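The values are calculated or read from the model by the stated rules, or taken from the named source; none is laboratory data. Just so you know, these numbers come straight off a predicted model, no measurement behind them. Quick reminder, even Gly has a Cβ in these numbers, built from the backbone with ideal geometry, and neighbours come from all protein chains shown. All accessible areas refer to the heavy atoms of the entire protein, side chains included, with ligands and DNA or RNA removed. Shrake-Rupley method; radii C 1.70, N 1.55, O 1.52, S 1.80 Å.
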Amino acid sequence: MITNTTAPVTDIDPFSLESITNPHPMNARLRELGPVFWVEKYQCFGVARHDWVYEILTDFETYISGGGAGPNDIRQDPEWRPPSILESDPPTHTAMRRALTGVINPAKMRQLRGGFEQHAHELGDSLLEEAQVDGIKDIAEPYPLKVFPDAVGLRPSGRENLLPYGSMVFNAFGADNQIRQEAFREGEKVSAWIMESCARENLSETGLGAEIWAAAEQGLVSPEQATLLVRALLSAGVDTTVFGIGNTLYCLASNPDQWEALRAEPQLAKFAVDEALRVESPFQKFHRTVAVDTQIEGVEIPAGAKVLVFLGAANHDPDKWGADAGSFDLQRSASGHVAFGMGLHQCVGQPIARLEIELVLTALATRFERIELAGDPVPWIHNVLRGWERLPLSLTRAA
Ligand code: OVM
């Protein structure tokens, strides 16, 4: 129990509806509190400035992952599922990470690109006759839901469980509130389908899943770890990219001059991806656990404490990005953003995520002269992921 911290105390609830529907004002207030603050409601520390978010993510010995990404220390209080690579530290993490990077690598990306590109073009073509679309239901959801499970080699039936599972996994990184409980309504059924799907015999012979199992065959990881690594792909690889695509469309639809710039120079798509990830980061926040007593700028941070790490806030820190940190600008260097995390655990699937977002963007930019908001977007209510449930867009075909 921490009763007398010298950190500034805040009564802000990072998991309230208000904080979730528009995180930016909250993030600004949190950064202004100082390098570290105490979140009264959840009895944890928080960091929201870029320098300390970066420091904590790279100091994996002081701020460990083995305590879990959620609000409880899973070393004492086990989670709803066995811990993943995300919830591991070296040396366990090292072996699992090596197996995954052996599978998601540049050669694999070259191999995936053709099919991913074709699907992006088909998606673009399917929208040509539509004056108005929903950026989520018509674009951001169907695309990753098609290309990614195919790349993993997942069986076709039951794929409707993927989004609900991702929702469980990520909502559990936040408070045990109504939002989280709602995500677990059909938890048992969804979880059972996912675990079955990770078994070697239920995966195609050529996908990422089979390659993870091949790593187990070579003795790089155990069969239990192989199951967990396939599960990690299915946990982390779907919702995040849906939100990533949706948020990128939102940024561009809200900034018509930037859409024009992209149309004029399609090779800017790569920069649009990272700038959108910075400005509207899909993964906004998660916890680390303090392994040994430490300090943050004079504030004592005791072993066992949880620290809530605000990635989205760090990505808007004016000390890092300047006074216009909140603006979406393709000319800016977004390099150093922490939307994929940083350090040892930095997103291993990021080349796949980047490829998906870039290809969808390019398919649209080559077909549509304008993309504009056609109504108010409806925020997705989620403890830690930032995105839209509905994103009404009007598309104007290029001549
Ligand atoms: C995992 C996992 C799950 C969710 C997110 C994540 C962002 C990893 O199972 O390893 O990383």
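Which one is nearest to the ligand (Cβ to nearest atom), of the residues in region 171-182 that are open to solvent by 10 Å² or more (accessible area, probe 1.4 Å) and part of a helix (DSSP H, G or I)?
ARG180
Please tell me if MET26 is farther than 20 Å from ASN383 by Cβ and surrounded by 14 or more Cβ atoms within 10 Å (Cβ to Cβ). So that I can check it myself, show each step before the final result.
Numbers: farther than 20 Å from ASN383 by Cβ: no; surrounded by 14 or more Cβ atoms within 10 Å (Cβ to Cβ): yes.
Against the criterion (farther than 20 Å from ASN383 by Cβ and surrounded by 14 or more Cβ atoms within 10 Å (Cβ to Cβ)), MET26 does not qualify.
Condition test on ARG231, is it within 14 Å of ARG97 (Cα to Cα) and either touching a Ser or Thr at 6+ places or on another chain (Cβ under 8 Å) or at pLDDT 95 or above (or both)? I'd like the intermediate steps shown before the answer.
On the way: within 14 Å of ARG97 (Cα to Cα): yes; either touching a Ser or Thr at 6+ places or on another chain (Cβ under 8 Å) or at pLDDT 95 or above (or both): yes.
Yes, satisfied.
In this structure, is GLY219 at positive phi and either more than 13 Å from the ligand (Cβ to nearest atom) or in contact with a strand residue (DSSP E or B) (Cβ under 8 Å, 6 or more places away or on another chain) (or both)?
Numbers: at positive phi: yes; either more than 13 Å from the ligand (Cβ to nearest atom) or in contact with a strand residue (DSSP E or B) (Cβ under 8 Å, 6 or more places away or on another chain) (or both): yes.
For GLY219, the condition - at positive phi and either more than 13 Å from the ligand (Cβ to nearest atom) or in contact with a strand residue (DSSP E or B) (Cβ under 8 Å, 6 or more places away or on another chain) (or both) - is met.
When you go through MET1, MET26, MET109 one by one, which is the residue that is modelled with pLDDT under 95 and not charged (D, E, K, R)? If you could, list the steps in order and put the result at the bottom.
Numbers: MET26 fails: modelled with pLDDT under 95; MET109 fails: modelled with pLDDT under 95.
MET1 is the lone residue from the list that is modelled with pLDDT under 95 and not charged (D, E, K, R).
Among the residues of region 315-350, write down those that are within 16 Å of the ligand (Cβ to nearest atom) and part of a helix (DSSP H, G or I).
Taking region 315-350 and keeping what is within 16 Å of the ligand (Cβ to nearest atom), we get 315, 337-350.
GLY343, LEU344, HIS345, GLN350, listed by residue number.
Quick check on region 4-20: of everything there that is over 23 Å from GLN295 (Cα atoms) and in contact with a helix residue (DSSP H, G or I) (Cβ under 6 Å, 6 or more places away or on another chain), which residue is surrounded by the fewest Cβ atoms within 10 Å (Cβ to Cβ)?
ASP13
Looking at region 198-209, is at least one residue in contact with a Cys (Cβ under 8 Å, 6 or more places away or on another chain) and either more than 15 Å from the ligand (Cβ to nearest atom) or small (Gly, Ala, Ser) (or both)?
Taking region 198-209 first, the residues in contact with a Cys (Cβ under 8 Å, 6 or more places away or on another chain) are 209.
Okay, now just the ones that are also either more than 15 Å from the ligand (Cβ to nearest atom) or small (Gly, Ala, Ser) (or both), so 209.
Checked region 198-209: at least one residue is in contact with a Cys (Cβ under 8 Å, 6 or more places away or on another chain) and either more than 15 Å from the ligand (Cβ to nearest atom) or small (Gly, Ala, Ser) (or both).
Quick check: anything in region 191-213 closer than 17 Å to GLY102 by Cβ and part of a loop (DSSP other than H, G, I, E, B)?
Yes, that holds for at least one residue.
Among (1) without any contact (Cβ under 8 Å) to a residue 12 or more places away in the chain; (2) assigned to a helix (DSSP H, G or I), which single condition is TYR165 missing?
(1)
Working only within region 68-104, note down all residues that are touching a His at 6+ places or on another chain (Cβ under 8 Å), within 15 Å of the ligand (Cβ to nearest atom) and within 26 Å of PHE15 (Cβ to Cβ).
GLY68, ALA69, GLY70, ILE85, LEU86
Go through region 351-381 and count every residue that is assigned to a loop (DSSP other than H, G, I, E, B), on the phi < 0 side of the Ramachandran plot and of a type outside the set (A, V, I, L, M, F, W, C).
From region 351-381, those assigned to a loop (DSSP other than H, G, I, E, B) are 366-367, 374-377, 380-381; that's our starting set.
The next check asks that each one be on the phi < 0 side of the Ramachandran plot; those that pass are 366-367, 374, 376-377, 380-381.
Filter once more, keeping what is of a type outside the set (A, V, I, L, M, F, W, C): 366-367, 376-377.
Counting residues in region 351-381 that are assigned to a loop (DSSP other than H, G, I, E, B), on the phi < 0 side of the Ramachandran plot and of a type outside the set (A, V, I, L, M, F, W, C) gives 4.
Residue by residue, here is whether (1) within 14 Å of the ligand (Cβ to nearest atom); (2) open to solvent by 20 Å² or more (accessible area, probe 1.4 Å); (3) within 15 Å of VAL169 (Cα to Cα) holds:
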{"position": "LEU229", "(1), (2), (3)": "yes, no, yes"}
{"position": "LEU234", "(1), (2), (3)": "yes, no, yes"}
{"position": "GLY246", "(1), (2), (3)": "no, no, no"}
{"position": "ASP274", "(1), (2), (3)": "no, yes, no"}
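Per-residue answers, yes or no, for (1) surrounded by fewer than 21 Cβ atoms within 10 Å (Cβ to Cβ); (2) touching a Cys at 6+ places or on another chain (Cβ under 7 Å); (3) at pLDDT below 95:
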residue: ASN22; (1), (2), (3): yes, no, no
residue: ARG31; (1), (2), (3): no, no, no
residue: TYR54; (1), (2), (3): yes, no, no
residue: ASP77; (1), (2), (3): yes, no, yes
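Do we find that GLU87 is more than 20 Å from the chain's Cα centre (by Cα) and either acidic (Asp, Glu) or surrounded by 15 or more Cβ atoms within 10 Å (Cβ to Cβ) (or both) in this structure?
Numbers: more than 20 Å from the chain's Cα centre (by Cα): no; either acidic (Asp, Glu) or surrounded by 15 or more Cβ atoms within 10 Å (Cβ to Cβ) (or both): yes.
Criteria not met by GLU87.
Return the residues of region 252-285 that are under 30 Å from CYS44 (Cβ atoms), assigned to a helix (DSSP H, G or I) and among the basic types (Lys, Arg); say none if nothing qualifies. Spell out the reasoning first.
The initial filter retains those residues of region 252-285 that are under 30 Å from CYS44 (Cβ atoms), namely 274, 276-285.
Within this subset, residues satisfying the condition of being assigned to a helix (DSSP H, G or I) are 274, 276-279.
The answer is ARG278, and nothing else.
I'm told GLU188 meets every condition in (1) exposed (fewer than 15 other Cβ atoms within 10 Å of the Cβ); (2) in contact with a Ser or Thr (Cβ under 8 Å, 6 or more places away or on another chain); (3) of a type outside the set (Lys, Arg) except one. Can you identify the failing condition by its number?
(2)
Name the single residue, out of those in region 351-374 being within 16 Å of the ligand (Cβ to nearest atom) and open to solvent by 30 Å² or more (accessible area, probe 1.4 Å), that is nearest to PRO25 (Cα to Cα).
So the residue we want is ARG354.
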